[in-house]
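I have placed the structure first, in the form of C-alpha cells, so that the comments after it can refer back to it.
Nothing in this text is a laboratory measurement; each read-out follows from the coordinates by a stated rule. Small disclaimer: the values here were computed from a predicted structure and weren't measured. So basically every Cβ, Gly included, is an ideal-geometry build from the backbone, and we count neighbours across all protein chains shown.
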Amino acid sequence: MASAPVRVRFCPSPTGNPHVGLVRTALFNWAFAKHHQGTLVFRIEDTDAARDSEESYNQLLDSMRWLGFDWDEGPEVGGPHAPYRQSQRMDIYRDVARKLLDAGHAYHCYCSQEELDTRREAARAAGRPSGYDGHCRELSDAQVEEYKAQGRTPIVRFRMPDEAITFTDLVRGELTFTPENVPDYGIVRANGAPLYTLVNPVDDALMEITHVLRGEDLLSSTPRQIALYRALGEIGVGTGRVPAFGHLPYVLGEGNKKLSKRDQESSLNLYRERGFLPSGLLNYLALLGWSLAEDRDVFTLDEMVAAFDLAAVNANPARFDLKKCEAINATHIREHLSTEEFIAACEPWLRAPHAPWKPENYDPAAFAALAPLAQTRVTVLSDITANVDFLFLDEPVEDEKSWQKAMKPGAEEVLRTARERLAAVGEWTAEVLKEAVQSAGEAHGLKLGKAQAPVRVALTGRTVGLPLFESMETLGRERTLRRVDAALARLERERAAG
Ligand code: GLU
Ligand code: ZN
C-alpha cells in the first residue's frame, strides 16, 4: 500500500516560556518530517484567552527560529490550511460543533458542576467508574425545556461510542481503552468557547495530519480524539483517516519526578542565556527517548534526520541530565564550529553592554589570538567571559580565593625573579616567556607548575584559565609587567602589615 506523504504538526499553546520538553517534541516532529521528506505544520493552539499571550507567541516563534527549526506551513510562512492560529479559526470550530450536534455525535449537557461533583462522589463511594455518567445523553424535550426555564446554559459533550478503542501506538505498541475509562467529554464551554478536546483533533483532521507525535502526558486524550476523528470522518470534516499516534516518553528531572515547567533546568531561555549552541542542546534533547547508535552520543542534526526512526524511540522515561547536556554542548563547540564561527558565536557575550569590561576595551584581534585555545575549554559560550576578561579589564579581577591559594610564602620571591627575567626578554613570544618563568622557578627550586601560579594570579586574578604563556603574549609586555608590579606591591604591603 502506498502510504500518504507524511504530515506532522507541532502545536504548542503560547503560555509562558518554552520549556525543553516542548523543544524535544518539536525536534522529533521536525526530524520525522525531514526524514520522510514530509511536511511539518506549525500550529498555535491559542484558544485559551486566559492563559495565552502575544508575548508568549512571539517568544515561541523566536525560540523556534533560534533553534534553527523550519516549518512548511504555519505562522510567517502561511500554507493551504491557513490560518494556523486557532484563535483565528473560531468560525470553523463553531460550525463543526454544530454538525456534530446535528449528527448526534455530541449533545447538550445541562449538568451543573455541583451536580457532577455530587454524582462523582456517589459513584466513587459505590465503587463505580467516576467519570461523566451519561446523564444528559437522552434528555426528553420536556426535560430540556425545564433546564432552559431554570436558566441553565449547556456545554457541548461528545458522545463516546460504547465500545473499546484500540490503536497501535508507534512507540508503545497496541493499546486498548475500554468505554468505562473514557466517558463522554466536554468539547464546547457553556459560553460557547471551544475546548482543546475539540479544536486539536478538528485541526489535525482539516490539516490532514498523518502522524501525531507528542508527549506521553497526552496519551489519555488519544482514545477520545480517535473517536472524535471517526465522527468527523462521518460528517465529512477532513479526510476521515485517523492519524497514527506516537507518544514520546516522559522526561524526569530531580528526584525522578516528571520534569515540569517550574523546574529551573526546563526553561529554554536559560540554555540560550548560558550560551548553549542550538545544535548541542538539540543533540542532547534527541537522546531523551532516542539514540543514533549504541555508542554514539554526539551527532549533528543532519545525522539525526538521516537516521531518525520512531521504531527506535524508547517508551521508558528518560532522565534529564544537565551534566551530560553540558558535556555534549562542549563537544559541539569544540568539534562542530570553525574558529571563525566560534568567534562569531562568542561576540554577543564579548560585546554585551553588561560585559564586565568597558565596551571600548574589547579588542577583536586580541580575542582572535586566543580564541582557538578558548574553544577547547568552554562548556557554554558564556564561559568565554571569565576566560578572557583579563584581556579587556583595566585590572585583573579580584578573586580573593585565588590570591590566597597562589600567594603562599615564597611566592613573592619567585614573582620578583620572574619579573626580572620577563623584563629582560627580547622577543615577547609564548615560548620565550615560558623559559623565563621556568628559569625563575628553578632559581627557587620550583617546578614550572608551582612557579607559574603566582604569575597567573598576578595577570588574570585567577588560578585557572587559558594557557598562561599564550595569554601573556597576547596581554603584551607592558601590561604584563605592570600587573606583576601591582601584585608585588600588594605582597609587600601585606608583609609589612604582618
Ligand atoms: N496544545 C497542546 C499542548 O501544548 C498540543 C497537544 C498535542 O500535541 O496534541 O499540550
Ligand atoms: Zn449532563
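List the GluC sites (Glu not before Pro) in the range 345-443 that DSSP assigns to loop (not H, G, I, E or B) and whose Cβ has at most 13 other Cβ atoms within 10 Å. Which are they? Can you show the working numbers first?
On the way: sites: Glu360, Glu398, Glu400, Glu412, Glu413, Glu420, Glu427, Glu431, Glu435, Glu442; in loops: Glu398, Glu427.
Within the range 345-443, the qualifying GluC sites (Glu not before Pro) (loop, at most 13 other Cβ atoms within 10 Å) are Glu398, Glu427.
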Extending each Cα 7 Å along its Cβ direction at Thr331 and Asp363, get the distance between those two points in nm, one decimal. 3.7
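Which value in deg cm²/dmol, rounded to the nearest 500, describes the helix-derived mean residue ellipticity at 222 nm for the chain, given -39,500 (n - 2.57) per DSSP H run of n ≥ 4 and division by the residue count?
Working: 20 runs with 235 residues, N = 498.
Mean residue ellipticity at 222 nm (helix-derived): -14500 deg cm²/dmol.
Within 10 Å of each candidate Cβ there may be at most 14 other Cβ atoms; applying that plus a DSSP loop requirement, which chymotrypsin sites (Phe, Trp or Tyr not before Pro) in the range 259-354 survive? Please report the intermediate quantities before stating the final value.
Working: sites: Tyr271, Phe276, Tyr284, Trp290, Phe299, Phe308, Phe320, Phe342, Trp349; in loops: Phe276, Trp290, Phe299, Phe308, Phe320.
Those that pass, being in a loop and sparsely packed, number zero.
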So what's the angle, to the nearest 10 degrees on a 0 to 90 scale, between helix 430-443 and the longest Cα principal axis of the chain? 60
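Determine the gain in length on full extension of the stretch Ala122-Trp66; use 0.36 nm per residue of separation and subtract their C-alpha separation, reporting nm with one decimal. Walk me through the intermediate numbers first.
Values: separation 56, 0.36 × 56 = 20.16 nm, distance 5.20 nm.
Value of the extension gain: 15.0 nm.
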On full extension of the chain, what length is gained from Arg416 through Arg241, given 0.36 nm per residue of separation minus the C-alpha to C-alpha distance? 54.8 nm
What size of dipole, in debye to the nearest 20, comes out for the chain about its Cα centre when the only charges are +1 on Lys and Arg C-beta atoms and -1 on Asp and Glu C-beta atoms? 880
Need one number: % antiparallel among DSSP beta bridges in the chain, to the nearest 5. 55
Can you list the cysteines of the chain that have no other Cys Cβ under 4.7 Å away? Cys11, Cys111, Cys325, Cys346
Entries of Lys34/Lys257; Lys258/Lys324; Lys408/Lys434; Lys358/Lys405; Lys261/Lys324; Lys405/Lys447 with Cα pairs more than 24 Å apart: Lys34/Lys257; Lys358/Lys405
By how many nm would the segment from Arg230 to Ala345 lengthen if fully extended, with 0.36 nm per residue of separation less the alpha-carbon distance? 36.4 nm
Theoretical FRET efficiency, 1/(1+(r/R0)^6), r = Cβ-Cβ of Val77 and Gln37, R0 22 Å, to 0.05: 0.80
Angle in degrees between helix 54-67 and the longest Cα principal axis of the chain, rounded to the nearest 10: 60
Loop-located trypsin sites (Lys or Arg not before Pro) in the range 394-448 whose Cβ has at most 16 other Cβ within 10 Å (DSSP): Lys447
Points 7 angstrom from Cα along the Cβ direction at Gln150 and Thr166: gap in nanometres? 4.1
